[in-house]
Each structure stands twice: as C-alpha cells, then as structure tokens.
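As structure tokens, the structure follows; a few thoughts come after it.
The values are calculated or read from the model by the stated rules, or taken from the named source; none is laboratory data. What you see is a predicted model; the values in this text were computed from it and never measured. Positions of Cβ are generated from backbone atoms using ideal geometry, with glycine treated the same way; all protein chains shown enter the neighbour counts.
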Amino acid sequence: MTRWLWTVIFAAWVGLGLVAASPTVAQDQRQNEPGKFDYYVLALSWSPSYCEASEERRPEQRRPDPQCGPRPYSFVVHGLWPQYENGFPEYCQVPAPRLNRDIVAAMLDLMPSPRLVFRQWDRHGVCSGLPPSGYFEAVRKARATIKIPAEFIDLKAPLTVTPAEVEDAFVKANPGLALEGIAVRCDKRRLREVRICLTREFQFQGCPEVDRRSCRRESLTMPPVRGG
C-alpha cells in the first residue's frame, strides 16, 4: 500500500474520530480546519542526534537521509506546526495540494531533506491555511526570528548538557523569549529537538502545554556536528 494511501486512510480515521486523542489533551472544536489555530511551534532538530539515531536503527541503509551526508548541519528546521491551546491540527486536507519542486529545492538550506519538506507540508503545512509558497515563506520568517546560541553552532566534540542549560542558552540568545515558551525534546540519552512557540505574527509567546512536555532527564548528549 502506498504512503499516500496510508495518509488518506489515517486522515479519514482522524476525521471520523477513530484515532483516539491523547487522554490529557482535549480536542479543539475547530479540529483540522485549515487556517484556524492559535499559534505556531517552530521545531528545531539537532541534526547530529537525528543522524546518529538513524544509523543505529538502520546501519545498512542504502540511501541515507540527505542531511546525514558529509555536509555539516547543526540545528535544522523540523517543522512549523499550527497549534491550538490544547492539541494541534494535522492532515487538514487530503490529498494535500502538490508541492512545486522549485519550492522544495528552495527549502533545503533550512530543511535538508526533500522527504522532510513533503511530509511537513502534508501533515502540518496545509493546516496553516496558506498556499505552499506562503507556508514555506512563514517557515523561513519563523526561523529568521531565532538566534542559535553560539556554543551550539559548530560543535566539534560531544557535549553533555541539561535540558535547563539548553533552554537558558536559547533564552539568553533571544531577547523576549521566556522559559515558558520553549521546550527541549530528547530520547533516552540525546538532545533531539528544541521547540519554540511563536504567535501567528512570529513573536515569542508562552505555551504551557508544549512546555509541560519538555524533557525531564538530568543530562543529555549532543553529538558533534558531522565533520567536526
């Protein structure tokens, strides 16, 4: 069965309520209506962690993810996600409007995998209510608002950090960002992602639901940038 068909089936289940929502998150009455949401989450993935985890899961993968090649990446854009105060919309239009290949190519500096660009558009971008060009322009504007702390830009050796240290570094580097508007995500030992909440006008804002889901581990490893 093709991935597109699975997406169609899953979206239908969501629309019919056959996929249960998290018991801790109430479903918003505007569920999956394009353009009707409260704020954005900009998800920044620590690329070295993603690639290390991918190699552990699929050590003999013939076609590795393009972002895991020789070019060094640090934080890359995982996605820009419309959010409700409780929960989030997804797969708001199935099938999603097709992406022009020129748009995909233009986003590879921020999202270094065509598959990632397509997937984020299908699941989250259509929920913005924007056309493809508008949504990816919003991704670029959102990313431009965030300054990556200098200590994370060209990491040449593994770094041990706490979630609080990462959050503090981002808050210090970005005036106006508060601890209530940022969350760190992790696996069992690695920092995986930093999520920052933005208004629809790309200003920092608090987001209690996102903040509550931040990593609670005492320490995390940040693998070095490839080639570091």
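Out of Arg212, Arg200, Arg195, Arg226, which single residue is modelled with pLDDT under 95, closer than 18 Å to Glu85 by Cβ and among the charged types (D, E, K, R)? Just one listed residue meets the conditions, Arg212. The selection criterion, being of a type in the set (Asp, Glu), in contact with a Gly (Cβ under 9 Å, 6 or more places away or on another chain) and at negative phi, holds for Asp154.
When restricted to residues that are loosely packed, with under 15 Cβ neighbours inside 10 Å and part of a loop (DSSP other than H, G, I, E, B), segment 121-143 contains 1.
Among the listed residues Phe170, Phe118, which satisfies the condition of being of a type in the set (A, V, I, L, M, F, W, C), free of Cβ contacts under 8 Å to residues at least 60 places away in the same chain, closer than 20 Å to Gln67 by Cα and part of a helix (DSSP H, G or I)?
Being of a type in the set (A, V, I, L, M, F, W, C), free of Cβ contacts under 8 Å to residues at least 60 places away in the same chain, closer than 20 Å to Gln67 by Cα and part of a helix (DSSP H, G or I) holds for just one of Phe170, Phe118, which is Phe118.
Residues in segment 164-192 that are under 14 Å from Pro149 (Cα atoms) and of a type outside the set (A, V, I, L, M): Glu165, Glu167, Asp168, Phe170, Lys172, Asn174, Pro175.
Counting only residues that are in contact (Cβ under 8 Å) with a residue 60 or more places away in the chain and of a type in the set (A, V, I, L, M, F, W, C), segment 144-167 holds 8 of them.
Taken over segment 152-178, the residue count meeting the criterion of being of a type outside the set (A, V, I, L, M), exposed (fewer than 14 other Cβ atoms within 10 Å of the Cβ) and at pLDDT 95 or above is 5.
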